[in-house]
Amino acid sequence: MRGLGIAFIVVDLILLFFAWRSLSRSGVIASTRGWLFVAVGLVPVMVAFLSFAHGLDQSSTVASCGTCHVMTTHTADLMNVKSDTLAATHYKNRYIQDHHCYTCHSDYGFGGTLSAKIAGVGHVWRYTTGRYELPLKIARPYPNVRCLGCHGASQKFLNSEGHPEGVMPLISDGTMSCLECHGPAHPAQQKAALR
Amino acid sequence: MTPRPGRVRVLGIALLLTAVFDVLALLVFLRGTPVFFAAFMFVGQGLFVIAVLLLLGAVLADLRAKQLL
């Protein structure tokens with residue numbers, strides 16, 4: 001998709017040049033209208049579609065999350081094989097194959113994707129404008145449903161001595177957070193601002 | 001009928017806005033960071049919509065001038 005998208009952009013830039021040349025030399029004549037229709041009305045639609053799809057996918061990668069330097073401690077810990085944090089354990093054991101940050105920090109279904117992307121826009125805005133404080137805090141308590149989506153039906157979870165029958169309803173309804181016993185998810189950040 | 005220079009200028013702006021849109025889209029492919037993606041989504045696509053509206057406006061004005069509308 002990346003190559004195709006870049007190819008469409010290059011083609012469109014060439015078409016824009018021809019449209020501009022035709023417009024400046026001959027004014028609005030039939031051939032200029034043709035160049036304009038293709039260069040402004042047609043090819044950019046494909047560019048928009050491919051860029052949106054590529055950008056949406058790329059913005060879910062660990063590398064993308066790590067581009068903001070406030071995330072450096074989190075991504076470095078993720079890739080530290082000696083770390084025992086919950087995130088690093090999932091990463092080094094390949095419990096999640098791809099998009100590790102995004103998988104744990106978005107809800108399931110289309111609504112989850114939508115709300116995660118809207119939250120991501122907020123993150124970009126706060127990062128770009130410097131409107132954040134360290135250490136970073138999760139906006140809302142981490143919901144157990146994100147853990148249970150993968151672990152909920154596993155025998156290891158259902159038969160674990162650490163999950164006696166009396167505790168299971170508390171885990172299911174979110175009264176007791178998984179992180180109370182399985183945390184910390186990430187290393188602690190220093191309080192000093194990095195910016 | 002010779003089109004007015006104003007219409008040529010408007011179409012020139014539409015071309016320029018589309019070129020900026022293309023550059024922002026290219027940045028999404030070359031540097032897939034959330035900042036570039038957000039810039040493309042909110043600035044790039046907005047510029048593209050304006051470019052298409054300018055093109056439509058010029059086409060409609062052209063048709064009206066030829067009394068086809």
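The values are calculated or read from the model by the stated rules, or taken from the named source; none is laboratory data. All of these numbers come straight from a predicted model, not from anything done at the bench. Here Cβ is always computed from backbone atoms with ideal geometry, including for glycine, and neighbour counts include all displayed protein chains. What goes into the accessible areas is simple: the full protein's heavy atoms, side chains included, and nothing from ligands, DNA or RNA. Shrake-Rupley method; radii C 1.70, N 1.55, O 1.52, S 1.80 Å.
In this simple spin-label model, placing a label point 7 Å from the Cα along the Cα-to-Cβ direction at both B:V20 and B:V43 gives a separation of 0.8 nm.
All other residues whose Cβ lies under 15 angstrom from that of A:G122 are scored, Lys and Arg at +1 and Asp and Glu at -1, for a net of +4.
Between B:L56 and A:V145, the modelled labels are 3.8 nm apart [label points 7 Å from Cα along Cα→Cβ]. Placing R0 at 41 angstrom, the Cβ-Cβ distance between B:A65 and A:H69 gives a FRET efficiency of 0.15 after rounding to 0.05.
Were the residues from A:K137 through A:R94 laid out at 0.36 nm apart, the gain over their Cα-Cα distance would be 12.9 nm. Accessible surface for A:C104 stands near 40 Å², nearest 10, in the context of the full protein assembly shown (1.4 Å probe). Here the simple spin-label model places points 7 Å from the Cα toward Cβ, and for A:C181 and A:S154 these points are separated by 1.4 nm. Using a probe of 1.4 Å, the accessible surface attributed to A:D98 totals some 100 Å² when neighbouring protein chains are kept in position. Computed from the C-beta positions of A:F17 and A:W125, the FRET efficiency with R₀ = 41 Å rounds to 0.75.
For chain B, a Gaussian network of Cα nodes joined below 10 Å ranks B:L17, B:L27, B:L47 by mean-square fluctuation, and the top entry is B:L27.
Here r is the Cβ-Cβ distance between A:Q189 and A:M1 and R0 is 35 Å; the resulting FRET efficiency, rounded to 0.05, is 0.50.
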